[in-house]
Amino acid sequence: MLLKWAYCYLREVARRMLKKTFCIFVLCFFITCTAFYNFSWGVNTVQDSAAPFPNNAPVKKTGSISVSIYERNVCPSSEGSITNNRWTKWINDNCGVNVKFTAVSKSQEVMDYRKMLEAGNAPDYMICYDPSFKNQLLAQGKIMVLDDLVSKKSTQYRELIKKYPGAAKMGRSAKGQLYQFCRIQETHYAATATIRTDWLKKVGLKMPETIDEFYKVTEAFAKKDPDGNGKSDTYGYHLGGIGQNFLEYSFGIAESGNNKWRPYIIKDGKLTLPWDRIKEYAAFVKKLYDAGIVDRNITDDKGSQPVFKAFCEGKLGIAYMSPDMHEAETVSAFRKSLPEAEIAVLKMPKTRFGSFTYAKNDPFAPVAVVNAKAKDPAAVMKYQDFISTEKAAKIFRLGVEGRHYRP
């Protein structure tokens, strides 16, 4: 089969931390703790060597809970593991409840949670992005309705959703039940394509604006030795990672290969499957594949590491990347490896269906639910209140003032 379809859910941008030791605390923030502020402080980063946290007075503990954390296999070995590192320790040192972290595969979260729920060992606080699965769990009574818990036990989060009612709305079911905790975040592009503009100069082409020009540029990147090493070892684009999404969006369809939904459009006031767009998109992908413009070895790869590796090694002309921390590290590694290279953001190429722009994330993101069998819901609420504070948000976002950043 020519290709499998990649699935990508947006994740939040972490622009200021480029050191390896920053990776894990950004990871904890965005995929475990989901601290519900996303402040845009103007700061300068500071290099971090050991970065011990300031000694704080012991925090009184009133309960114990388990919390899921996504395993993406990007935790530096020097930091420990995704469930036990300096940032998970900081949470336990400062939160009013004891927290045990449980790893869940981001790419197989539904399967992992089903197994855990069946075995009776699912975490109390479950990070989950899949809306269909969460709705199923609610209908089956496997996760809690949170209205009473928030109104009676919450302090910080209750005030937060009063200030941002859109967050409360996003966390409710079709019947009006509050069953999800939401993250409040700044809006940004979910992903952007980066192009080697120095390669454009070498092959004598301009920035592509149409899909035909995009093909011509990627073909030149793959065939005309833009790195000048005399070898046929470069590629114009990639289908691995989330590369297919960029092309789907360019044809005006939304992840047509995703098995979680279908890419309907509104035509004449009705939901319609745009088969003409899908067919032209699929034909274009096949054209790239058949011409050797993409690396066939990573076509089926659903992770992004091979793509990032090829980009950092100067073997890839255009890379479509979501703005996550390990990609920020990729850009840092790219600059270190290829200091003379020139890059720019590429607009989505125009097709006969029109010109489209990059997708933006929503300002409110439902990210967590509570296991109906949680033994201490009040402790879960206390944890939620803790990670909703400005103190926690600053630590996860920026680190320690004076050590990781300057105001």
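The values are calculated or read from the model by the stated rules, or taken from the named source; none is laboratory data. In this text the structure is predicted, and so the values were computed from the model without any measurement. In this analysis, Cβ positions are derived from the backbone assuming ideal geometry, glycine residues included, and neighbour counts consider all displayed protein chains.
GLU390 - would you say it is modelled with pLDDT under 90 and within 25 Å of LYS169 (Cβ to Cβ)? Give the derivation first.
Working: modelled with pLDDT under 90: yes; within 25 Å of LYS169 (Cβ to Cβ): yes.
Taking the combined requirement at face value, the residue satisfies it.
Just the residues that are within 22 Å of the chain's Cα centre (by Cα) and either β-branched (Val, Ile, Thr) or assigned to a helix (DSSP H, G or I) (or both), please, taken from the stretch 344-359. Don't jump to the end; show me each part of the working.
We begin by selecting, within the stretch 344-359, every residue within 22 Å of the chain's Cα centre (by Cα); these are 344-348, 356-359.
If the condition is that a residue be within 22 Å of the chain's Cα centre (by Cα) and either β-branched (Val, Ile, Thr) or assigned to a helix (DSSP H, G or I) (or both), then VAL345, THR357 are the ones that fit.
Given the criteria of a type in the set (A, V, I, L, M) and either part of a helix (DSSP H, G or I) or over 22 Å from LYS375 (Cβ atoms) (or both), does ILE161 qualify? Reasoning before the result, please.
Details: of a type in the set (A, V, I, L, M): yes; either part of a helix (DSSP H, G or I) or over 22 Å from LYS375 (Cβ atoms) (or both): yes.
Considered against the rule, which asks whether it is of a type in the set (A, V, I, L, M) and either part of a helix (DSSP H, G or I) or over 22 Å from LYS375 (Cβ atoms) (or both), ILE161 comes out as yes.
Scan the stretch 198-207 and tell me whether some residue there is under 31 Å from the mean Cα position of the chain (by Cα) and β-branched (Val, Ile, Thr).
The answer is no, given that none of the residues of the stretch 198-207 is under 31 Å from the mean Cα position of the chain (by Cα) and β-branched (Val, Ile, Thr).
Do we have SER132 as surrounded by fewer than 20 Cβ atoms within 10 Å (Cβ to Cβ), of a type in the set (Ser, Thr, Tyr) and either over 22 Å from the mean Cα position of the chain (by Cα) or closer than 23 Å to ILE82 by Cβ (or both) here?
Judged against the criteria, SER132 is not a match.
Output the number of residues of the stretch 149-171 satisfying the condition of being among the small types (Gly, Ala, Ser), farther than 15 Å from ASP362 by Cβ and either surrounded by 17 or more Cβ atoms within 10 Å (Cβ to Cβ) or touching a residue at least 24 places away in the same chain (Cβ under 8 Å) (or both). Give the derivation first.
Of all residues in the stretch 149-171, those among the small types (Gly, Ala, Ser) come to 151, 154, 166-168, 171.
Now drop any that are not farther than 15 Å from ASP362 by Cβ, which leaves 151, 154.
Keeping just the survivors that are either surrounded by 17 or more Cβ atoms within 10 Å (Cβ to Cβ) or touching a residue at least 24 places away in the same chain (Cβ under 8 Å) (or both) gives 154.
So the answer is 1.
Checking PRO76 against (1) at pLDDT 90 or above; (2) of a type outside the set (Gly, Ala, Ser); (3) closer than 26 Å to GLY399 by Cβ, only one condition comes out false. Which one?
Evaluating PRO76 over (1) at pLDDT 90 or above; (2) of a type outside the set (Gly, Ala, Ser); (3) closer than 26 Å to GLY399 by Cβ leaves (1) as the failure.
Look at the stretch 208-235 and say how many of its residues are over 24 Å from ARG277 (Cβ atoms) and either touching a residue at least 60 places away in the same chain (Cβ under 8 Å) or among the charged types (D, E, K, R) (or both).
Of the residues in the stretch 208-235, 11 are over 24 Å from ARG277 (Cβ atoms) and either touching a residue at least 60 places away in the same chain (Cβ under 8 Å) or among the charged types (D, E, K, R) (or both).
Based on what the data block shows, is ALA168 in contact with a Leu (Cβ under 7 Å, 6 or more places away or on another chain) and either within 27 Å of GLY314 (Cα to Cα) or not in a helix (DSSP H, G or I) (or both)? Step through it out loud before you land on a result.
Details: in contact with a Leu (Cβ under 7 Å, 6 or more places away or on another chain): yes; either within 27 Å of GLY314 (Cα to Cα) or not in a helix (DSSP H, G or I) (or both): no.
In short, no.
Please specify each residue of the stretch 176-191 satisfying the condition of being modelled with pLDDT of 95 or more and either among the acidic types (Asp, Glu) or not in a strand (DSSP E or B) (or both).
GLY176, GLN177, TYR179, GLN180
Kindly check whether there is at least one residue in the stretch 316-324 that is modelled with pLDDT of 95 or more and in a helix (DSSP H, G or I).
Looking for residues that are modelled with pLDDT of 95 or more and in a helix (DSSP H, G or I), one finds none in the stretch 316-324, hence no.
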